[in-house]
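Trainee: My structure is below; once you've seen it, I'll send some questions.
Coordinate-derived values only; no laboratory data. The model shown is predicted, which means the values in this text are computed figures rather than measured ones. Cβ atoms come from the backbone with ideal geometry, glycine included; neighbour counts cover every protein chain shown.
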Amino acid sequence: MPRPSAPPNLSFWYNIEYMDIGFHGAAREITGSCHLVETRSTRILVDCGLFQGGEDSYHRNLEPFPFDPRSIDAVILTHAHIDHIGRLPKLVKDGFTGRVFATHPTRLLSRLMWEDAVKVMEDDRRGSRKAPLLYSRKDFSRAFDLTHGFGYGTEIRVSDDFSFTFKDAGHIFGSAFLEAEVEGVRIAFSGDLGNDQVPILRDSENLGRVEVVVLESTYGNRRHESPGERMRRLGEAVRQTAGRRGTLLIPAFSLERTQEILYELNSLVEGGEVPEIPVFLDSPLAIRVLPVYHQFPELYDREAKALKEAGDDFFRFPGLRITKDPKESYGIMSVPPPKVIIAGSGMMHGGRIMRHLARHLSDPGTTVLVVGYQAEGTTGRAVTDGAEAVRIDHEDIPVRAQVESIGAYSAHADQDKLVRWAGGGSGWPERIFLVHGEEPAMESLAGRLRDECGVRVDIPALGDRFAIP
């Protein structure tokens, strides 16, 4: 590819030999993160995630990659959410044999997420014999064997022309953004950035001086409530549930959101701010995740460290019941209200929450508390948007429950945080690519970055490639 002449405002152009970025997922949509960085000698994939939401996502995940997996030298994982790691075992199945880089918690959490994904696929296959598996247990075991864990702040050299450092993104436990130097250009991949002042996690680290940023935009057109408002509304939801002897359903992502809610319920219950009623953690994956949190207390924020040092297990409190096996899960139905049920999946498109929704959505005494982003095409999006009925297990379930949302429980930064973070590296980058967003959010964020910050902003479509700079 011939290199075009340099625009006058890109002074770093003359230091580069050749690089481009291909956007093969999370391009004008939320899920399927997959960004390919190519130099003259190296091909690096940043994330390799599942597409989620919509009827076609299953078939999209089965499609061949738009590049030869055997040609990829390395994969870098920003964090363990399935829309960032979920197709890596397929990449291995299709011929990838290179190295995979992740933080230590991401490495361990990824194995749990892959194991859970395979179990879901196996269950789906039993329900529909024609459904092919995306990958097998052997494939994700091979993917895990290729994955190497590293700490934050350590420079990692992948090749002569590509080195990078993991920095804390504050999104989920072990999450990172990348600061890389590629062919002399300093480029950052945000992965997913978290809110500030969330339970357990440290705030996102500041972005260093870079010329190019690939930036998530999930909540690019939103502003979240304050942390105090978030906890107040959670406590209010529990008190109202107890007062009317109803059921509070919290569909929560098994990784991070569930742990944050347990942390804050621990504080509310032990502080006497809410009555002690049964709280069921009905998420096998969330239960298996807890030991990883216990393994890395050095990554907690100051408040969580202080609680741990004082001997408080903030994942356990009076009234909490952990349902590990299916029999215990079904037993929740026989427990009279008031009660709180925390179950996956967070977008209400599978998992144990579906059984609870089928039973309780038609009851006006139920509250559904939405605490995370709901992608287009999911049951969660339909419920949040005010659908009169949703289809669960081939049955139309009327929605008579109250539905409330707390945006500040989202693990994603809002618009103010995204803009503040992108400009925090001793000056604005020359160029920003927006990914991980629906178009209204992307356009809103792009407009603010262009108008207020004077930054060149591109919004890639799926399959687009851009020469850098």
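Trainee: Taking 0.36 nm per intervening residue step and subtracting the Cα-Cα distance, what contour gain separates Arg209 from Arg40 on full extension?
Mentor: Working: separation 169, 0.36 × 169 = 60.84 nm, distance 2.43 nm.
Additional length available on full extension: 58.4 nm.
Trainee: Based solely on its DSSP helices, what 222 nm [θ] is calculated for the chain when runs of n ≥ 4 H residues each add -39,500 (n - 2.57) and the sum is averaged over all residues, nearest 500 deg cm²/dmol?
Mentor: For the chain, the value works out to -9000 deg cm²/dmol.
Trainee: Of all DSSP beta bridges in the chain, what percent run antiparallel (nearest 5)?
Mentor: 45 percent
Trainee: Sticking with this one: On a C-alpha basis, how far is the centre of the stretch 397-447 from the centre of the stretch 287-312 in Å? Whole number, if you could?
Mentor: Rounded to whole Å, the Cα centres lie 28 Å apart.
Trainee: Right, next: Near the amide H of Val185, under 5 Å away, which other amide H atoms are found, from residues 5 or more places off or on another chain, if H is placed in the peptide plane?
Mentor: Residues meeting the amide H criterion: none.
Trainee: Taking the Cα centre of the chain as the origin, how large is its charge dipole in debye, to the nearest 20, when only Lys and Arg (+1) and Asp and Glu (-1) carry charge on their Cβ atoms?
Mentor: Using only the charged Cβ atoms, the result is roughly 1100 debye.
Trainee: Just order 210-217, 69-76 by mean Cβ neighbour count inside 10 Å, highest at the front, would you? Provide the component values of the computation, followed by the final result.
Mentor: On the way: 210-217: 26.4, 69-76: 19.2.
Result, highest mean Cβ count within 10 Å first: 210-217, 69-76.
Trainee: In terms of modelled amide H atoms, which long-range or inter-chain residues lie less than 5 Å from the amide H of Arg99?
Mentor: Distant-sequence amide H within range of Arg99: Val75.
Trainee: Let me ask something else. If we sort 456-469, 84-97, 424-437, 302-315 on the protection proxy, mean other Cβ atoms within 10 Å, highest first, what's the order?
Mentor: Top to bottom by mean Cβ count within 10 Å: 84-97, 424-437, 456-469, 302-315.
Trainee: Please turn the phi angles of the stretch 461-468 into ³J(HN,Hα) values with the Karplus equation 6.51 cos²θ - 1.76 cosθ + 1.60 (θ = phi - 60°), one per residue in order, whole Hz, x for glycine and proline.
Mentor: 8, 4, x, 5, 10, 10, 6, 10
Trainee: For every other residue with a beta carbon closer than 12 angstrom to the beta carbon of Glu236, add +1 if it is Lys or Arg and -1 if Asp or Glu, then tell me the sum.
Mentor: It works out to a net charge of +1.
Trainee: Counting Lys and Arg as +1 and Asp and Glu as -1, what is the net charge of the other residues whose Cβ lies under 11 Å from the Cβ of Ile72?
Mentor: Numbers: positive: Arg43, Arg70, Arg99; negative: Glu38, Asp68, Asp73, Asp94.
Summing Lys/Arg as +1 and Asp/Glu as -1 gives -1.
Trainee: Could I ask something else about it? Quick one: which residues, 5 or more positions from Thr366 or on another chain, have an amide H under 5 Å from its amide H? H modelled 1.01 Å from N in the peptide plane, none for Pro or chain starts.
Mentor: Thr247, Gln402
Trainee: Looking at the stretch 227-409 only, what percent of DSSP beta bridges run antiparallel? Nearest 5 please.
Mentor: 20 percent
Trainee: Using a 7 Å offset from the Cα along the Cα-to-Cβ direction at both Asp145 and Lys327, what is the distance between the two label points in nm, to one decimal?
Mentor: Those two pseudo-labels are separated by 3.6 nm.
Trainee: Roughly how large, in nm² to one decimal, is the mean projection of the convex hull of the alpha-carbon atoms in the stretch 211-326?
Mentor: 10.2 nm²
Trainee: For the stretch 324-348 and the stretch 16-53, compute the distance between their C-alpha centroids and round to whole Å.
Mentor: Between the Cα centre of the stretch 324-348 and that of the stretch 16-53, the gap is 38 Å.
Trainee: Please turn the phi angles of the stretch 217-224 into ³J(HN,Hα) values with the Karplus equation 6.51 cos²θ - 1.76 cosθ + 1.60 (θ = phi - 60°), one per residue in order, whole Hz, x for glycine and proline.
Mentor: In residue order, the calculated couplings are 8, 3, 10, x, 10, 10, 10, 7 Hz.
Trainee: Computed FRET efficiency, Cβ-Cβ of Glu270 and Arg400, R0 45 Å: what is it to the nearest 0.05?
Mentor: Given R0 = 45 Å and the Cβ-Cβ separation, E is 0.85.
Trainee: Restricting the count to DSSP beta bridges whose residues both fall in the stretch 360-469, what percent are antiparallel, rounded to a multiple of 5?
Mentor: Expressed as a percentage, antiparallel bridges in the stretch 360-469 total about 35.
Trainee: Moving on to the next point. Give the span of the stretch 227-409's Cα atoms along each principal axis, as three whole-Å numbers ordered largest to smallest.
Mentor: 49, 34, 31
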